[in-house]
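Okay, structure first, notes after.
The values are calculated or read from the model by the stated rules, or taken from the named source; none is laboratory data. Owing to the predicted nature of the structure, the values given are computational and were not obtained by experimental measurement. In this analysis, Cβ positions are derived from the backbone assuming ideal geometry, glycine residues included, and neighbour counts consider all displayed protein chains. Accessible surface areas use protein heavy atoms only, side chains included; no ligands, DNA or RNA. Shrake-Rupley method; radii C 1.70, N 1.55, O 1.52, S 1.80 Å.
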Amino acid sequence: MKDGKGSPDGREATQAQHPAPEAGGQTIRGQLFVQYGYMLLWIFLSAAVILINKYVLSFSGFPYPVALTCTHMLFCSILAWTIVKLGWAEASPMSADMYINCILPIGLLFAGTLWTGNAAYLFLSVSFIQMLKASMPMVVFVVGVLFATEKFTLITGVNMVVVATGIAIASYGEILFVKEGVFLQVASILCESVRLTLVQILLQRRGIKLNPISTLYHIAPCCFVFLALPFTYMELPKMMNDPKLNVNIPLLLLSASTAFALNMAVFLLIGKTSALTMNVAGVVKDWLLILLSVVVYGSSVTQTQLMGYGLAFVGVCYYNYRKVQQMKQLPVGPRSADAEGGAVKAALDLDLRVDSKHHPTGADVGGDRS
């Protein structure tokens, strides 16, 4: 039997050591197909949660944001509890002291984020809200500096001024500018920024890692309790005396299940794509929502708004780019799975609904943060 390059045995040995490039290419293509499939699913669900919430609150005869958010929290609590008890996912163990000192403050702020964020849809268009949300990294940075989790630098300060200027121009160009709505959205952004900072201080520094199911399992029930109080004393009496009230159970379940599905999409994405890719996906989602707001709900978007949002958009993109570059400069060890996973969570503009983008958040439960 011949040996060497020209022999059958030689060819077999060479092929065994060097698999056909087509096979490797097919594997890479398959991975990219799955990765971008999950990313498109996340964009779709994130946009769907916002548009459905807007419809429920503004057009379906159910203008009660606390009641809607309570529905989301109750639905997510039940599903998360069921998934954990069936053994399909694990919930991180939590002592009573840890729950009171860490989870309750975060849950209270989360409830405030969802309540005020959803309430803003009663007054403002989806497109204008998305423009206001571009201020999120700026507010998170300012809060981080106040809590000493971020370090102020001149270049970042100038970056934030650019974002703030763009938001101010976009607000000036808004035709249907309602002060109550802007106040509610600003309150939502502020609550979310403080919440993200507390997640970093209270959980991440203690080495506590919560996946989306674990986050829902621990935080959704206390959010429901916090929201039940304003619901009982503020909205329930109005609902009982509202002759135009339309409680569309299938629509409410659709809203809640879409929010829960968004969390599952996040769970699938973490570890399967890069932070840079998710930041790009977040940008696509934001512009898509502005377009859908115009097409679906007839929102008016002026040229001044587009110019202002474009300026803020450039500022946010540069901020995201610098964050990703900083992550890449981390030592190889810390950077591996945990660093990349945290960066992807940061990029996921996660709407416990609807989404926050620039720090690890855990999961979206269903209000409007996207």
>> Quick check on region 161-320: take the gyration tensor over C-alpha atoms, sort the square-rooted eigenvalues as a ≥ b ≥ c, and tell me if it's rounded (a/c under 1.5), prolate or oblate.
In response: oblate
> Tell me, what ³J(HN,Hα) does each residue in region 283-297 have, in order and in whole Hz, if you take phi through Karplus 6.51 cos²θ - 1.76 cosθ + 1.60 with θ = phi - 60° and put x for Gly and Pro?
Replying inline: 5, 4, 4, 4, 5, 4, 5, 5, 5, 5, 4, 5, 6, 7, 10
> Of all the accessible heavy-atom surface of region 87-187, with the other protein chains kept in place and a 1.4 Å probe, what percent is carbon and sulfur?
Replying inline: 74 percent
>> Apply the a/c threshold of 1.5 to the C-alpha gyration tensor of region 41-103 and tell me whether it is rounded, prolate or oblate.
In response: prolate
>> Please list 3J(HN,Hα) in residue order for region 53-62, calculated via the Karplus relation 6.51 cos²θ - 1.76 cosθ + 1.60 where θ = phi - 60°; whole Hz, with x for glycine and proline.
In response: 4, 4, 5, 4, 7, 9, 10, 9, x, 9
> What does the accessible area per residue of region 70-192 come to in Å², with a 1.4 Å probe and no ligands, DNA or RNA counted?
Replying inline: 46 Å²
> Applying 1/(1 + (r/R0)^6) with R0 = 56 Å to the Cβ-Cβ distance of PHE44 and THR232, what FRET efficiency is obtained, to the nearest 0.05?
Replying inline: 0.95
> What does the highest-first list of 33-39, 134-140, 96-102 look like by mean Cβ count within 10 Å?
Replying inline: 134-140, 33-39, 96-102
>> Once you order the gyration tensor axes a ≥ b ≥ c over the Cα atoms, which shape class does region 63-216 get: rounded for a/c under 1.5, otherwise prolate or oblate by comparing a/b with b/c?
In response: oblate
